[in-house]
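Only one structure is covered here, and it is reproduced in the block below.
The values are calculated or read from the model by the stated rules, or taken from the named source; none is laboratory data. This one's a predicted model, so the numbers in the text were calculated from it and none came from an experiment. Glycine gets a Cβ as well: all are built from the backbone with ideal geometry, and neighbour counts include every protein chain shown. When the accessible area is computed, the model is the full protein with side chains, heavy atoms only, and any ligands, DNA or RNA have been set aside. Shrake-Rupley method; radii C 1.70, N 1.55, O 1.52, S 1.80 Å.
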Amino acid sequence: MNESTGLFPKIPLASWIESFVDFLTNYFSVVFDTISTVVAFITENLVLALGFLPALLLIVIVALFAWWIVNWKIGLFALLGLGLINNLGYWPETIETVSLVLVSVIISMIIGIPIGIWMSQKNSVQTIVTPILDFMQTMPAFVYLIPAVVFFSLGMVPGVIATIIFSMPPTVRLTNLGIRQVDEELIEASNAFGSTTGQRLTKVQIPLGMPSIMAGINQTIMLSLSMVVIASMVGAPGLGTVVYRAVTQVAIGPGFEGGLSLVILAMLLDRITQGANKN
Amino acid sequence: MSKIKVEGLTKIFGRRPKQAVKYLSEGKSKEEILNLTGMTVGVNQSTFEVEDGEVFVIMGLSGSGKSTLVRMINRLIEPTSGKVWMEDKDITKMNKEELRDLRRKNMSMVFQNFALLPHKTILKNAEYGLEIQGIDTEERERRASEALELVGLGDYLDKSPNELSGGMQQRVGLARALANDPGILLMDEAFSALDPLIRKDMQDELMDLQQRVHKTIIFITHDLDEALRIGDRIALMKDGSIVQVGTAEEILMDPANDYVERFVEDVNLAKVLTAGHVMKRAETVAVDRGAKVTLRLMRENGVSTIYVVDKQQKLLGYVTADQADQAVKAGKGLEEVLETDIPTVHPDTPLSDLFEPMTERKAPLSVVNDSGKLVGIVVRGAVLGALAGNDDVLNGSGGDVADE
């Protein structure tokens, strides 16, 4: 279609990418297999653990937790909202979705927070990492599914990986921002009293950047929930599958039920993380 | 030996600072260098010494380089060239560990906007310097609460900084600096963010505190009144260069150039000069000399009043010529006609506090030192003369003031 007509032949970007991916699958399959095994192990066990408790008991525990962290209103909302999901019959799917989101968010934090801290300490790192983050966020999320499938086949794992790539940037960005926003005079004071870089970070910059870091984590949670439906296309189980199946069958009723369950989950996670931030 | 010695300390902001340093040594001005190279001279070859236990004020308007200068002393800002000595140690040559050690043990800093950690209590804030040295909890709590006690905040240990007023917050900043027990305090515009009244209190308190702790203090300010109040010596900065170093009196009475002169012309002399500066010698007579001798002395010296003292030169009162004459006629002793209701002031009393006693009484004010000895008198003309900027009335310049 876009055959180059002028002096310059079309740059074979697509075939370069393909051979690069081939190269990775051929020589780094051990790495991908290891990642795959670990992620699958954690996620599956989390699903099992959460599914082990009776639905109603778990709902009450979550509601009490929300009451303790935020207030009684959110506790009540948790009770009614999760009760509704259970009543509609999507409890097992909800547990799978929550597990996928939790694992993605925790891995995003483990990778993203240190990168954010590193960025805040060195301008050169910030210069390199910022465009990568832009790329990760603006590339259509569907595109991540292709290498995810190539490297990790189908199921929960490629879903988790694609979700991490898509949802990690806010944690990195807001960690960096939070640390950089700490009042210059406080940094000076900390240096003037002879702090090491580590002491300055742990005693001044990270505690004071915490609200911003928490906001980043909150954003990451919201983005990973929005990835749930897309991840279901590569076979990640959960509420996404419910919605995706409804879309392909043009079944408006189940589609609405699945969507509503996701909205309830999103609101609940958002309020709880924001409440945790305020404390 | 001086505690701190700064030699040719220079800071250039720009990409090729060496070039600018060369231009500076050739005598080019800050402006010429900016035009030639686009680089900014922050501090230009500053040299001064600070004695042990001295309050040394670096004073200049914003942009004069004073904050940069003080930050080069503990190397929060790296000097481009020049040296800073602490006793016999060259701070500019220290490696990272030595520098950290210096900052932890020898030099503490107090900041303009207090720089307290909002997420920690007052006690924890005061502990900060000790905490990062790895001192155990018990000792650092003891030392930090002692320092807080010293600044009068012993009852606020568990409060958080934002529950305290500005003045109190800066006391915490001061306590945090003192808790390390450093020999040197660097105070960067420490009181500039406070209300004028609070600022004055803090200045007084700092001076009280200094009587007890005897630190070497380098104090940065843009406020000349503050500099004159607290500085043992003052360095005046302009465009990155030190234009004059001297005591408050030296700077006021003998400005090094037009800039300093213009700078100090608005100073409220009434607050800087004291009774000691404008007093003149009083004619005295010992009380046991008798009225006759007194009268003769007055005639010889051409005065109409004479001060009567005891053997220890302690002031008893004064007599006028009329009273002495009456005493001679009635055969009374001096002590019987003595006027004892007499206004006295201390040599350190500022001129501003002399106006009131002066308007109440016609008689000159007697200047009496701590042990009650009469050291001089102040007449109205001398006060007015001094306030008008007339150096002749000041002691040490050979002034001769007519009695009124």
Within the range A:176-211, take every residue that is part of a helix (DSSP H, G or I), within 11 Å of chain B (Cβ to nearest Cβ) and open to solvent by 50 Å² or more (accessible area, probe 1.4 Å) and give me the one that is farthest from B:Lys120 (Cα to Cα).
A:Thr197
Show the residue pairs that are 6+ apart or on different chains and have beta-carbon atoms under 8 Å apart, the first residue being within the range B:80-100 and open to solvent by 70 Å² or more (accessible area, probe 1.4 Å), the second being part of a strand (DSSP E or B).
B:Trp85/B:Ile4; B:Trp85/B:Lys5; B:Trp85/B:Val6; B:Trp85/B:Glu7
Neighbours by Cβ (under 6 Å, 6+ apart or cross-chain): first from the range A:236-265, open to solvent by less than 20 Å² (accessible area, probe 1.4 Å); second of a type in the set (Asp, Glu)
A:Gly238/A:Glu93; A:Gly238/A:Glu96; A:Leu239/A:Glu93; A:Val242/A:Glu93
Going through the range A:223-254 one residue at a time, which ones are among the small types (Gly, Ala, Ser) and assigned to a helix (DSSP H, G or I)?
A:Ser224, A:Ser226, A:Ala231, A:Ser232, A:Gly240, A:Ala246, A:Gly253
Name every residue in the range A:96-129 that is free of Cβ contacts under 8 Å to residues at least 24 places away in the same chain and in a helix (DSSP H, G or I), in order of residue number.
A:Ile106, A:Ile110, A:Pro114, A:Trp118, A:Asn123, A:Ser124, A:Val125, A:Thr127, A:Ile128
Could you run through the range B:197-223 and say how many residues are of a type in the set (S, T, N, Q) and open to solvent by 40 Å² or more (accessible area, probe 1.4 Å)?
1
Given the conditions (1) under 30 Å from B:Arg16 (Cα atoms); (2) of a type outside the set (Asp, Glu); (3) within 10 Å of chain A (Cβ to nearest Cβ), and given that B:Met94 satisfies all but one, which numbered condition is not satisfied?
(3)
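Looking at the range B:343-359, which of its residues are part of a helix (DSSP H, G or I) and not acidic (Asp, Glu)?
B:Leu351, B:Ser352, B:Phe355, B:Pro357, B:Met358, B:Thr359
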If the requirement is being more than 12 Å from every other protein chain (Cβ to nearest Cβ) and either part of a loop (DSSP other than H, G, I, E, B) or open to solvent by 60 Å² or more (accessible area, probe 1.4 Å) (or both), which of these qualifies: B:Gly167, B:Gly154?
B:Gly154
Has the range A:136-154 got any residue that is open to solvent by less than 50 Å² (accessible area, probe 1.4 Å) and part of a loop (DSSP other than H, G, I, E, B)?
no
All but one of (1) open to solvent by 60 Å² or more (accessible area, probe 1.4 Å); (2) not in a loop (DSSP other than H, G, I, E, B) hold for B:Lys159, so report the exception by its number.
(2)
Can you run down the residue pairs with Cβ atoms below 6 Å, 6 or more apart or on separate chains, where the first is in the range B:105-125 and more than 9 Å from chain A (Cβ to nearest Cβ) and the partner is open to solvent by 30 Å² or more (accessible area, probe 1.4 Å) and among the basic types (Lys, Arg)?
B:Ile122/B:Lys159
